[in-house]
Amino acid sequence: MKIHPPVIHPILRVAVPVPLRRLFDYLPLEAREEMLVLGMRVLVPFGRQQKVGIVVGFSEHSELPREKLKRISAILDPEPLFPPTIFQLIQWSSRYYQGAIGEVFESALPNYLRKKTSASPKTPKKTPKPVIETQDPNTLPPTPPELNTQQQQAIDTLVKYFGQFKTFLLDGVTGSGKTEVYLRVVEQALAQGKQALILVPEIGLTPQLLKRFQERFPVPIAVLNSSLTPKKRFENWEMARTGAAAIVIGTRLAVFVPLLNPGVFILDEEHDSSFKQQEGFRYHARDVMIMRASLEHCPVVLGSATPSLESLHNVTVGKFHSLKLPNRAGQGTFPTLQVLDIRHKKLEGGLSSQLIGQIKEHISNKGQVLLFLNRRGYSPVLMCFECGWVANCQNCDAKMTLHFHSKKLLCHHCEMSLPLPTACPNCNHENPKPVGVGTEKLENVLKEHFPTLNIARIDRDTTRKKGSLQTAFDRVQEGEAEILIGTQMIAKGHHLPQVTLVGILDIDHALFSTDFRSIEKMGQLITQVAGRTGRAERPGHVVLQTCHPEHPLLKKILEEGYQNFAASLLAERHSIHLPPYSHQALIRAESKQPNQALDFLASIKNALQNLSQTKPNVLHISGPIPAPMERRLGKHRAQLLLQSSERTYLQKHLGETLDRFTTHPLSSSVRWSLDVDPIDLY
Ligand code: ADP
Ligand code: ZN
Ligand code: ZN
């Protein structure tokens, strides 16, 4: 029995890209109503603007009286852009991460389709050209290596699960042949006429992976990352959607790309925090990919030599199935590790004399040297030794970094820069002095020591130009540079067969950080950086300089390896109920006035506490407290951390509460955001 009389014209529920966690109601175009299907883009009047929204529902009535509803201005697509699975995936993501539905839909679309102009996203007239040229028939593909037993077992298991959802953790040491496993699994997917989607953490890793897939398969491969022009990205997206591309390789944003016939999902370096979107709609591409695989009934492979504690935990509780590659493939051997105690040692550009001696030795034996220092710039502090003045940023609670080559002081948090002072701004004494070492200074010191050698430096400053990262790696791979200096950019999956010595400098701060994840990241970095050596015929040696050679966790990772290190960390997290043994959400707020952000969060806390009175021990709220860097870009920042052993409970209360806070009196002067499963508490 119907309560309301039937209404002839349904009301459209539209996801409009605005930061509000709700849908907006519109009337259809009178004449073309029957053409509307869920998932189509429509142009709608919104305030004084026209916006591109997505139809996500039909309804017979609205909270607003019918005469107040506006009509949509146009239907933009002849068919929905998202297949039902992706449509569901986007809606799930918006619920799980508590994102504004319109913004979540928007972020799943390539920029080209977010615009209201060029309204019709005409499917390109001819079949789109492959992004890459298909194989030249004159160059024979390299013969694939013969698989070892573990690789074969992993592949056989994976292929058995084609057509079903299952999450696999491919836990394989650096250089164990994980990529070879991906290649073979993709080969089988292609043989069944299916597509493969492969995600990498950084744009910089696409070229080498693309090359390996191109060499192996004469099929169109589409790349999706933010370095493409909007048009190109749209074309590649269309190739994936229409099935013209058999393989899609991309960064986190590609997790939402529609595929005509998905067969397998692969996410390489699954522990990498770049898979987490840290602004706007904050999602984790790994977790979204797993949900996607379940909706599309495909196996998903997460690969890493240093799996995240979350994934290891998921193996333990039986959610993920573990596939192990414990040995290096081919001729690679594990490097030897040495801890170098640098207490009371004189350092030059961060290098002890022992390490300098070892560099000499390896170079004279025609090896290459890699030095890891995770700090760019010349020096992190500029200080006056007369009065104690240090160069601080005016906008942030941070010191300014000295950049020698560009002759400036730069804040790495707000990008503000100042010319180098020739005298102390406080006491006028001459020449304030740099304190501490960044990659730029390390390079200078090495040039003095080894004037005839070629040094490649890889950090954000040297790789701004498009393609420059690849050029630097090519130089090292081709033996043009003997020494490679780099920040964490060099720790990710690059194959550097001639490196025989790795030096790890200055990681001690991670041992004492307030962020509980920093020690996990440190262990991953050490293992990954060490893994750059000994990858071919030549054995590798790793030297780690530290002032804390007795630190138990440092000893653990160096003496027992990542696996045991991770097991100890998990035991520690378990004992203090930290993730993955509990679930967190972080609400960040910032305001111009010092107390507004804190006050705003205090009232959210209040509301949450009132709601959760029924189950007082399930939700733990800490804060509000000022953020670890309280002032940034001139704004005062605060945060509220929510933690619960029951994820659904946390989700439910958050959703209900936050909806009310969009209209809070302070919400106009406080900018705030929610981060579900935060991986960075800053
Ligand atoms: P990972 O992705 O685990 O770092 P890769 O797949 O890049 O490892 O393999 C490292 C190197 O070993 C590559 O040069 C690769 O061609 C080679 N390789 C992989 N599997 C084998 C194998 N079964 N036999 C010989 N060489 C192999
Ligand atoms: Zn001074
Ligand atoms: Zn700043």
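The values are calculated or read from the model by the stated rules, or taken from the named source; none is laboratory data. Keep in mind that what you see is a predicted model, and the values were worked out from it rather than measured. A quick note on method: Cβ atoms are made from the backbone with ideal geometry, for glycine too, and the neighbour counts reach across all protein chains shown. The area values use the complete protein model at the heavy-atom level, side chains included, leaving out ligands, DNA and RNA. Shrake-Rupley method; radii C 1.70, N 1.55, O 1.52, S 1.80 Å.
At-a-glance table
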{"read-out": "Heavy atoms of Lys178: accessible area, 1.4 Å probe, square angstrom to 10", "value": "20 Å²"}
{"read-out": "Charge context of Arg632, other residues only, Cβ under 15 angstrom, K/R +1, D/E -1", "value": "+1"}
{"read-out": "J(HN,Hα) series, the stretch 416-427, from Karplus relation 6.51 cos²θ - 1.76 cosθ + 1.60, nearest Hz, glycine and proline x", "value": "5, 10, 9, x, 5, x, 8, 10, 5, x, 8, 10"}
{"read-out": "Formal net charge of residues neighbouring Asn225 (Cβ-Cβ distance under 11 Å; K, R +1; D, E -1)", "value": "+2"}
{"read-out": "Whole-Å distance, taken between Cα centres, linking the stretch 611-675 and the stretch 317-368", "value": "42 Å"}
{"read-out": "Surrounding net charge for Pro144, when Lys and Arg each add one and Asp and Glu each subtract one, Cβ distance under 15 Å", "value": "+1"}
{"read-out": "Accessible-area value, Leu611, 1.4 Å probe, nucleic acids and ligands omitted, Å²", "value": "60 Å²"}
{"read-out": "Where the chain is the region considered: accessible area per residue in Å², 1.4 Å probe", "value": "46 Å²"}
{"read-out": "Bridge type composition, the chain - antiparallel percent by DSSP, nearest 5", "value": "50 percent"}
{"read-out": "In Hz, Karplus ³J(HN,Hα) per residue of the stretch 564-569 (6.51, -1.76, 1.60; θ = phi - 60°; x = Gly, Pro)", "value": "6, 4, 5, 4, 5, 4"}
{"read-out": "Long-range HN-HN contacts of Ala627 with modeled amide H, under 5 Å", "value": "Arg637, Ala638, Gln639"}
{"read-out": "About the Cα centre, charge dipole magnitude for the stretch 149-325 (Lys/Arg +1, Asp/Glu -1 at Cβ), debye", "value": "260 debye"}
{"read-out": "Rounded accessible area of Lys345 (nearest 10 Å², 1.4 Å probe)", "value": "90 Å²"}
{"read-out": "Positive-end extreme of charge dipole, the stretch 149-325 - chosen from Ala246, Phe281, His321 (charges on Cβ)", "value": "Ala246"}
{"read-out": "Between helix 439-449 and the chain: long-axis angle, C-alpha atoms, 0 to 90°, nearest 10", "value": "20 degrees"}
{"read-out": "Exposure rank, largest accessible area first [Leu570, Leu295; 1.4 Å]", "value": "Leu295, Leu570"}
{"read-out": "Computed [θ] at 222 nm, helices only, for the chain once each DSSP H run of length n ≥ 4 contributes -39500 (n - 2.57)", "value": "-8500 deg cm²/dmol"}
{"read-out": "Sequence of His449, His574 when ordered by accessible area, the most exposed leading, probe 1.4 angstrom", "value": "His574, His449"}
{"read-out": "Simple label model, 7 Å out from Cα along Cβ direction - Leu453 to Lys68, nm", "value": "7.3 nm"}
{"read-out": "Total charge dipole magnitude, the chain, about the Cα centre, Cβ charges on Lys, Arg, Asp, Glu only, Debye to nearest 20", "value": "1480 debye"}
{"read-out": "Pairs from Lys346/Lys556; Lys408/Lys635; Lys555/Lys615; Lys211/Lys441; Lys466/Lys521 whose Cα-Cα separation, in the structure shown, is over 30 Å", "value": "Lys555/Lys615; Lys211/Lys441"}
{"read-out": "Hz values of 3J(HN,Hα) by residue in the stretch 54-71 - Karplus curve (6.51, -1.76, 1.60), Gly and Pro given as x", "value": "10, 6, 10, x, 10, 8, 8, 9, 10, 5, 8, x, 3, 6, 8, 6, 8, 8"}
{"read-out": "Arg41, Arg66, Arg376, Arg252, reordered so the largest accessible area comes first (probe 1.4 Å)", "value": "Arg66, Arg252, Arg376, Arg41"}
{"read-out": "Dipole magnitude of the stretch 386-473, debye to nearest 20 (Cβ charges: Lys/Arg +1, Asp/Glu -1, about Cα centre)", "value": "360 debye"}
